[in-house]
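Read-outs: derived from the displayed coordinates by stated rules, not from any lab. Just so you know, these numbers come straight off a predicted model, no measurement behind them. Positions of Cβ are generated from backbone atoms using ideal geometry, with glycine treated the same way; all protein chains shown enter the neighbour counts.
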Amino acid sequence: MQPSRFAQELIDIVGERNVLWDDYDLRLYEYDGSVDRALPQAVVLPESAEQVAEIVKLCNRASVPYTARGGGTGLSGGSIPVAGGVLITLVKMNRVLEVDLDSLRAVVEPGLVNLQLSEAVAGNGLYYVPDPSSQKACTIGGNVGENSGGPHTLLYGVTTNHVLGVEVVMPDGELVEFGGKALDLPGYDLTGAFVGSEGTLGIATKITVRLVPLPEDIRTLLAVFNTVDDASATVSEVIGKGIIPAAIEMMDQMALQAVEASVHAGYPEDAAAVLLIEVDGLRDGLDEQAQAIRDIAEVHNARSVRIAKDAKERELLWSGRKGAFGAIGRISPEYYVVDGVVPRTKLPEVLEAIAEVGRRYDLRIANVFHAGDGNLHPLVLFDGAIPGELERTKEAGAEIMRICIRAGGVLSGEHGIGVEKAGLMGELFSDHDMEVMLKLKAALDPEGLANPGKIFPTPGRCVEIPRRPLAGIGW
Amino acid sequence: MIEQVDLATVETELKSVADTRKLDGSEAGPWSIGGVAAALVCTPSDPESLAEALAACDRTGAAVVPWGGGTQQGLGSPPERVDVALVTTKLDRLIEHEPGDMTVTAQAGMTLSQLQSTLGAHGQWLPLDPPLLSGATLGGALATDVSGPRRLKEGGLRDLVIGTRAANVDGKVSRAGGKVVKNVTGYDLNKLHVGSLGTLGILTEVSFKVAPLPPADRTWYCTFDDPQSAGLALSKLLWLPVSFAALDLVNAATAEEFGLSLEGAPWALLARATGFGPAVERQLSEFRTATRAREGADTITVDEQQAEGIWSDYLEKSAKRRWAEGWLTCRMALPSAEQGAVAAAVAGVGERPRIWGHGTGALFWSAAAEAAGRAEAVTRLREAVHKAGGRLIVENRGKDGIDLDVWGPEEPSYEYMRAIKRQYDPRGTLNPGRFVDGI
């Protein structure tokens, strides 16, 4: 088989080994971390910003949609090409371009794996703060697209607080820089508007990030509770007392049982909930803070409070949390991660309501979440082989989203809207609200070729977007 | 751009939605910008009327200046025209504050000081200390995005804002973001409003993250012979795992004004640390170590009561200094490592300039300036700043500084900013001509 003329034009830009056009190869790119799928019509692996620009220009000339992809770990379908077209994967652009120790900045390529950035600067005593649980595989570019979070965002912020500038291939095919190393530059904050735009406003080819000194010391506590309410009350009181831990993670019984079977971190399987709390920074006063937290947990009937005595134990406690989603695989063939956010004080009643959803839909739901900032991840367990179960699961997910909205929350804390929740946007925002947001899209991508079908509901559709053959190119 | 406007028609339309009055010559003074006076002042009582008033102006071709406390209207390039001052101060209600959530929502016309008062009663604060005169509103603070010393630790307005509602030229109020601290639901239009001078819409409501008032709060300083040495100490201190609340570089002329004598030394690094007691003590000791290199320099601790007075005087004086009549003031955004060198360069421009900078790299320069010397001063300052990879904007250009280049040279990104402006305000109703690139 020969590549089509369009594929040949891509080959002319990036070389033969960097274009995939055979059906078998394309199949590898039809899914990401979400439950949706869509097959691209070509996959291209550029090695430079200039190549990305040429690819976008080609797509413009041929009116072909394109979708950017990093590690393919996204949970909302952000990098699956629902309108077909070209999948542009940035994985070959994975270098650290500059580490500026004087200004505490780094400039990196989008395909750089998140954890590798922190590893690259660890020798200098620095790290890149946003640490999604998928950080061993997800990329900085993907983090920018989704405004990714992670467990340490309560105190330190999310991706948008750590990205100070981007070089972008705009939908018009031009390369432009927004922001830079200095803070608060004049003009509209296009860097801020770009973060979290889920690939619909252009493709980042360089990212300027803030680097932060590694904590001098850390105390990690695991508190075990007999009721979820006691755990929630502990979280509220800790924060109410002005102690802002670097992380507060909660897992309910189903989640902690799965984790314990997988990791043997010492999570007691008959507990109702566990809290993993971390304080860090200067070592001065850290023990006092940890003690204060322990005291509060005990006031709220904690069954036990364990403070990790060394780095090894700390890692063990965290491995449970970070591997929680994977551990669920032991107790269910599949799971659907829901990502919702509510005001923290609403967590107990929302967890109740979620349990009710589980009962109503006859589905098991395990809860793992960032208790400190109200960002929940109910894991709805299902078996896709059972007819109708996936649909029921998605419906349960939508119900949970409605609970979050009613509680004063939003549709996504860190995974993005993507394909998954585009249909729910109308439950949070009015048509006018979305019209106003879409003016940004109209300004920057009037042709609408940048990652179509994401974030906003398209008129009269459910999940299907008509896939046109690559126009005038003749497959 | 805007065609000839029939003010009588504008007045009639506005009166049907909100309290509107026509200014006669004598009243115009406070309602003018760069010598151009507004003709009408419209003060709606609620967001919906404000949006309708904005639409009425858009329909009738009137140029609108969003007006909060009016404390920073000197910002930006001289407006192309000023027909209507659309005042937000009646939108001053607290909408929601649940202390346990550490978020707050208030109408944009509430003053920053009123909000801090309200939060203070619950042991919280909006972690901002911008150099703003009293009367400055939340919407105004957000739309002008000027930060104070504590931005170093607490983040800037773009980091603290989590939700906004804004009146659009189509007459309707729209919202973006939410009331929760983690969010990726649709485009982050909150960020577009930050520093936008109200050129895309008029904020009617804002939601912020708030913080607990810190248990410990200490201040101290050390003097230096030159700003580069202070800069070196600053750079070292930025490597501490816990951020200082503030690390401000001030020259003697500035320090004198807020009541801090440097005993003949030309510069000082003024530090503040907040948080848990033991950590704050540690930061003091790290500061002593980092600054010890200088012969004879001592770290001087300031007692807590005196410290409160120093910081509030510093901010009040800088707020006033930014707009002092007969003075030229510039605000610079620099990579923090370059601040010392740039401070040294700009110290040689103008007569006894006041220079003050924050640990983030922000730097202010202000000097009494004859009209004739202003353009040259701006050119020299801007050259030093660009060499360091930063940007300079002229804040107080003075009545005679009409032709000063406020925003600096055009950037390639401005093309996209223009495209955005065209979508949100196609007729150029909002603050026409005041923003970058003549937007």
Let a ≥ b ≥ c be the square roots of the eigenvalues of the Cα gyration tensor of the stretch B:249-294; is it rounded (a/c under 1.5), or, if not, prolate (a/b larger than b/c) or oblate? oblate
What does a probe at B:Glu27 reach in the stretch B:50-91, counting residues whose amide N is under 12 Å from the point 7 Å along Cα→Cβ? B:85
Hey, rough spin-label estimate for A:Ala122 and B:Asp92, points 7 angstrom out along Cα→Cβ, what's it come to in nanometres? 5.5
So which residue, out of B:Trp267, B:Trp311, B:Trp365, gets the largest mean-square fluctuation from a GNM of chain B using Cα contacts under 10 Å as springs? B:Trp311
From the Cα centre of the stretch A:332-382 to that of the stretch B:149-206, the distance in Å is 29
At most 14 other Cβ atoms within 10 Å plus a DSSP loop assignment makes a site exposed; report the longest stretch of chain B without any exposed GluC sites (Glu not before Pro). B:4-262
Cα centroid separation, the stretch B:224-261 to the stretch B:41-99 (Å): 38
What helix-only [θ] at 222 nm does chain B give? Using -39500 (n - 2.57) per DSSP H run of at least 4, over all residues, to the nearest 500, the answer is -9500 deg cm²/dmol
Round to the nearest 10 and give me the degree value, 0 to 90, for the angle of helix B:227-237's Cα axis relative to the longest principal axis of chain B. 90
Angle check, please: helix B:414-424 long axis (alpha carbons) against the longest principal axis of chain B (alpha carbons), in degrees 0 to 90, nearest 10. 40
Cα centroid separation, the stretch A:295-318 to the stretch A:227-294 (Å): 7
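Kindly provide the helix-only [θ] at 222 nm of chain A, computed as the sum of -39,500 (n - 2.57) over DSSP H runs of four or more divided by all residues, to the nearest 500 deg cm²/dmol?
On the way: 16 runs with 159 residues, N = 475.
Per the formula, -10000 deg cm²/dmol.
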Checked the stretch B:214-307 against the a/c 1.5 cut and the a/b vs b/c comparison, axes a ≥ b ≥ c from its Cα gyration tensor; verdict oblate
Using only Cα atoms, tell me the angle between helix B:47-60 and the longest principal axis of chain B; keep it within 0 to 90° and round to the nearest 10. 60
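What does the average come to when, for each residue of peptide B:418-424, you count the partner chain Cβ atoms lying within 10 Å of its Cβ?
5
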Work out the charge dipole of the stretch B:1-149 with +1 on the Cβ of Lys and Arg and -1 on the Cβ of Asp and Glu about the Cα centre, then indicate which of B:Ser45, B:His97, B:Ala121 is farthest towards its positive end. B:Ala121
Provide a whole-number value for the mean count of partner chain Cβ atoms within 10 Å of the Cβ atoms in peptide A:154-164. 3
Got the relative contact order for the stretch B:7-89 handy, in percent, Cα pairs under 8 Å and 6 or more residues apart? 36
Could you point to the residue in B:Pro432, A:Val35, A:His370 farthest towards the positive end of the protein assembly as shown's charge dipole, with +1 and -1 charges on the Cβ of Lys/Arg and Asp/Glu respectively? B:Pro432
With +1 at each Lys and Arg Cβ and -1 at each Asp and Glu Cβ, the charge dipole magnitude of the protein assembly as shown around its Cα centre, to the nearest 20 debye, comes out at 320
Label A:Ala442 and A:Arg364 with points 7 Å out from Cα along Cα→Cβ: what is the distance between them in nm? 5.0
Between B:Asp226 and A:Leu101, how many nm apart are label points set 7 Å from Cα along the C-beta direction? 2.3
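At 0.36 nm per residue, and after removing the present C-alpha to C-alpha distance, how many nm does the segment from A:Arg392 to A:Asp270 gain when stretched out fully?
Stretched out fully, the A:Arg392 to A:Asp270 stretch lengthens by 41.0 nm.
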Work from the charge dipole of the protein assembly as shown (Cβ charges, +1 for Lys and Arg, -1 for Asp and Glu, about the Cα centre) and give the residue of A:Ala246, B:Thr199, B:Leu284 farthest towards its positive end. B:Thr199
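Relative contact order for the stretch B:94-212: what percent, with Cα pairs under 8 Å and sequence separation of 6 or more? Let's see the in-between values first.
Values: 227 pairs, mean separation 40.5, N = 119.
Relative contact order of the stretch B:94-212: 34 percent.
Computed FRET efficiency, Cβ-Cβ of A:Asp12 and B:Asp303, R0 45 Å: what is it to the nearest 0.05?
Working: r = 72 Å, r/R0 = 1.60.
Once the sixth-power term is evaluated, E becomes 0.05.
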For the protein assembly as shown, what is the percent of antiparallel DSSP beta bridges, rounded to the nearest 5? 90
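What's the FRET efficiency of A:Ala385 with B:Lys15 using the Cβ-Cβ distance as r and R₀ = 56 Å, to the nearest 0.05? Write out the running numbers ahead of the final one.
Details: r = 68 Å, r/R0 = 1.22.
The calculated FRET efficiency here is 0.25.
Rounded, prolate or oblate, given the Cα gyration tensor of the stretch B:108-151, with a/c below 1.5 counting as rounded? Walk me through the numbers on the way to the answer.
On the way: a/c = 2.08, a/b = 1.28, b/c = 1.63.
In terms of gyration-tensor shape, oblate.
Using a 10 Å cut-off on Cβ atoms, rank the peptides B:242-252, A:392-402 from the highest mean neighbour count down.
Working: B:242-252: 24.3, A:392-402: 19.5.
The most tightly packed comes first, giving B:242-252, A:392-402.
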